[in-house]
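The structure appears below as structure tokens.
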């Protein structure tokens, strides 16, 4: 007897999110279509901009920051006059420019939030390590003080006892 299959088992790809990495999209596009020279050029322009946008979002070098800023400005600019504007490049490739623009903006926000969370976690780890070091040093000092204090008391007691002993002998 055959068991009933769930909808997920019969149509495994139906409930997969529509999120793709840019490289996945571009590779699928290359395999699907044999692009003309002009379309390959347009696709290369878009790939380079998306790559710079994603790769240098948190760049620490001036060059990386400039590459990110240039890509971000190009993506954000809504211009239909320039042949290689983001809008015209996307339309030439059959991509909705506003959809891609919105997706890249949302990706950037998520990425920057993740970077900030990681930075805060590292700072908290550093603070915790510093506090643990201070506590350990304080505990060590307290332990040394407890050891030193009985020793100091013994030394003081001996120094007091010796003169008293010497006085008894003289008497």
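Here are a few things to note about the model shown:
- Screening 152, 161 for residues that are in a helix (DSSP H, G or I), modelled with pLDDT under 55 and more than 31 Å from the chain's Cα centre (by Cα) leaves exactly one candidate, 161.
- Matching residues in the range 92-103 - criterion: being closer than 11 Å to residue 46 by Cβ and part of a helix (DSSP H, G or I): 92, 97, 100
- Number of residues in the range 52-70 that are exposed (fewer than 14 other Cβ atoms within 10 Å of the Cβ) and part of a helix (DSSP H, G or I): the value is 4.
- Criterion (without any contact (Cβ under 8 Å) to a residue 12 or more places away in the chain and in a helix (DSSP H, G or I)) met by exactly one of 83, 73: 73
The values are calculated or read from the model by the stated rules, or taken from the named source; none is laboratory data. This structure is a prediction, so every number in the text was calculated from the model and none was measured. A quick note on method: Cβ atoms are made from the backbone with ideal geometry, for glycine too, and the neighbour counts reach across all protein chains shown.
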